[in-house]
Each structure stands twice: as structure tokens, then as C-alpha cells.
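Reading through the C-alpha cells given below for one structure.
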Amino acid sequence: MSKIVVIGSSNTDMVVKTNRFPNPGETILGGTFFMFAGGKGANQAVAAARMGGDVVLVAKVGNDIFGKQAIEGFQKEKINTSYISTDFEKASGTALIIVNERGENKIVVASGSNDTLSQEDIMKAATEIEMAEVVLLQLEIPVSSVVFAATQGLKTESKVILNPAPAQELPDEIYPNLYLITPNETEAQLLTGIEVKDDESAREAADMLLDKGVRNVIITLGARGAYFHNDYQSFFVDAPQVEAVDTTAAGDIFNGTLAVALAQKKDWRSAIELACKVASLSVTRMGAQASAPFLSEISSASDFYF
């Protein structure tokens with residue numbers, strides 16, 4: 001089983017599910033409250049572990065009940081938590097999430113301890129990074145730490161995957177260190193200035209990312225699936241049509257699944273098809289990590305998902 005090192009955030013998600021989003025200044029009664037484990041790095045780590053990956057999580061939590069519960073949860077998922085540091089000044093990260101009746105969400109994150117995940121914290125896992133087949137990164141930790149982690153991963157010849165979310169600009173120096181970048185349409189537009197609205201614009205945006213030095217590009221398209229592009233091939237992969245209950249963490253589950261598939265040396269099309277199917281299943285459930293499917297579910301539901 002090939003090792004996957006996920007370097008990123010851990011949050012506690014406080015979710016209210018309601019019929020519609022409130023307007024500015026408006027209070028809506030009748031919502032249902034849930035609390036879930038979340039954070040993009042943690043979500044991806046759990047998704048990868050549930051799909052059979054050998055996962056190490058490098059993260060930072062606060063010295064509080066949320067941090068302790070998060071670590072206990074990762075250990076139950078058989079994730080290596082040896083490199084999760086504790087910040088004794090800042091609280092663990094939290095996210096406030098509203099989900100409407102269509103499964104769409106609005107999210108505000110208080111980063112807390114995630115903002116202090118440093119290069120020194122990452123270097124504690126240097127041996128694990130050296131042995132990793134895949135290093136998976138996102139943007140809920142300092143960008144300087146993400147750039148440093150990508151550099152370390154390239155040095156050890158790991159496949160460095162960056163999910164550039166939440167959307168923000170990136171320094172040019174990071175792109176040549178990336179084996180794969182996986183923006184959605186919004187993130188792709190921010191990084192390239194090209195609005196991704198059809199096949200041609202998806203190709204143009206992917207070409208620009210390749211020109212920056214990335215070796216492979218996947219633009220995720222939500223319910224429409226994903227677009228893959230590199231110097232040798234380009235193709236779209238459709239996603240199964242499902243009734244969405246909550247789209248929170250769908251992109252994270254896509255990336256965690258993809259990391260496992262690539263670590264197992266699957267070809268691009270097979271890896272992306274699997275990631276789309278697993279992510280599609282996840283949106284039929286509430287929660288972030290809670291919605292991540294197990295490998296046994298995918299195997300037993302082959303007629304529906306494959």
C-alpha cells in the first residue's frame with residue numbers, strides 16, 4: 001500500500017441545514033443543526049484512508065476539545081497522527097456552514113491553529129514525505145507552508161498534488177513543483193483569468209496552467225464531472241447524476257480518492273472516473289468527513305456507481 005502524506009487543515013464544522021440562504025440582516029427559523037469533523041486537509045485524509053490509502057496527516061490543532069476530538073477521529077480512521085502539532089495559543093479551526101434545500105452551501109472559516117502550521121512542523125514529517133508516493137496539499141494553511149511542502153515533495157520525487165482551494169492567488173514559484181493541480185471552475189478562473197464555461201475555455205485555462213510549469217491539470221466541474229489535460233491527452237469524465245443533499249467536502253473527497261488511485265498507479269481516466277463516482281456518492285449525505293464513502297461501499301455498489 002503506497003503512502004500518501006496529506007498536509008493541511010483540520011476544522012470542526014458547525015452546520016445549519018435550512019430551506020434557503022438568509023438575506024443580509026434576515027433571521028430564518030426552523031433550521032436543523034449538525035456538528036461534523038471537517039477541514040480540507042482532514043477531509044482529504046479521511047477520504048483517502050477510507051478508500052484504502054496508507055495516510056499520514058500533517059496538521060495543527062488547538063489545545064481544546066475540538067482538537068482532541070479531531071485526533072481521536074483520525075486515529076479511528078487508521079490515519080497516522082504522529083505529525084499533528086498542538087498550538088497552545090490559538091483555538092482549533094472552525095467552519096460555519098449553511099446548507100440550503102438544493103445541497104448548496106455557504107461557508108465561513110475561522111482558521112485558528114491552521115494559520116500556524118509552519119515549515120518546521122512540516123519538516124518533522126520529512127521522512128514520511130521522502131517515502132510518500134503522493135503529497136496532497138490545499139490552501140487552508142499558510143501559502144508559504146504550501147510552497148515549502150511542494151518543494152520538499154518534488155525533492156523526494158513524490159507526486160505533489162495541489163487542490164488550490166479556497167480560491168486565492170498563488171506565487172509563480174509553486175507551479176513547477178506540482179505534478180497535478182485540481183482547481184474547480186472558480187479557482188481556475190482566479191489562477192488564469194479565463195472563465196471556464198465550456199470545453200474550449202476549460203482547455204485554454206488548463207493550457208495556461210501547463211505553461212506555468214504544472215505537469216497535469218484536472219478542472220473539476222461539479223455535477224458535470226471533470227476535465228483532464230496534459231501535454232499528451234485531454235478528455236472529460238462525466239459524473240453520475242445524483243440528488244445532492246450536501247455538497248460540502250465533495251471536492252476534498254474527489255482529491256483524496258484521486259490520490260489513492262494515483263498512488264496505486266491507476267491510469268488517468270480510471271483514477272478520475274473513480275474520484276467522480278466517489279465524490280458523487282458523498283453529496284447524497286450530510287457532513288464533510290462523515291460523507292466520505294468506504295471502499296467496501298464502492299465495491300458492493302458496483303452496479304450503481306460503475
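Bear in mind these aren't lab numbers, they're just calculated from the coordinates by the rules spelled out. Just so it is clear, the structure is predicted and the values come from calculations on it, not from any experiment. Cβ: placed from backbone, ideal geometry, glycine included. Neighbour counts: every protein chain shown.
Data overview
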item: Filter result (among the β-branched types (Val, Ile, Thr), part of a helix (DSSP H, G or I) and either under 17 Å from Ala110 (Cβ atoms) or touching a helix residue (DSSP H, G or I) at 6+ places or on another chain (Cβ under 8 Å) (or both)) within the range 55-100; result: Ile65
item: Checklist (1) buried (at least 24 other Cβ atoms within 10 Å of the Cβ); (2) part of a loop (DSSP other than H, G, I, E, B) applied to Gly52, failing item; result: (1)
item: Looking only at the range 180-207, and only at residues there that are in a helix (DSSP H, G or I) and of a type in the set (S, T, N, Q), the one that is nearest to Leu139 (Cα to Cα); result: Thr186
item: Among (1) touching a Lys or Arg at 6+ places or on another chain (Cβ under 8 Å); (2) farther than 12 Å from Ser9 by Cα; (3) small (Gly, Ala, Ser); (4) surrounded by fewer than 23 Cβ atoms within 10 Å (Cβ to Cβ), the one test that Ala132 misses; result: (4)
item: First in the range 148-172 and more than 12 Å from Pro183 (Cβ to Cβ), second anywhere and among the small types (Gly, Ala, Ser), Cβ under 6 Å, 6 or more apart; result: Ser158/Ala132; Val160/Ala150; Val160/Gly153
item: Tally, over the range 211-235, of residues that are in contact with a strand residue (DSSP E or B) (Cβ under 6 Å, 6 or more places away or on another chain) and either in a helix (DSSP H, G or I) or surrounded by 15 or more Cβ atoms within 10 Å (Cβ to Cβ) (or both); result: 11
item: Some residue of the range 164-172 being part of a loop (DSSP other than H, G, I, E, B), of a type in the set (D, E, K, R) and closer than 28 Å to Arg224 by Cβ; result: yes
item: Selection count, the range 216-246, where residues are in contact with a helix residue (DSSP H, G or I) (Cβ under 9 Å, 6 or more places away or on another chain) and farther than 30 Å from Met286 by Cβ; result: 8
item: Phe34, sole failed condition from (1) surrounded by 23 or more Cβ atoms within 10 Å (Cβ to Cβ); (2) assigned to a strand (DSSP E or B); result: (1)
item: Tally, over the range 52-70, of residues that are in contact with a strand residue (DSSP E or B) (Cβ under 7 Å, 6 or more places away or on another chain) and more than 14 Å from Phe36 (Cα to Cα); result: 11
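One line per residue, one yes/no per condition, for (1) within 23 Å of Asn11 (Cβ to Cβ); (2) in contact with an Asp or Glu (Cβ under 7 Å, 6 or more places away or on another chain):
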position	(1), (2)
Val146	yes, no
Ala150	yes, no
Ser158	no, yes
Pro164	yes, yes
Glu195	no, no
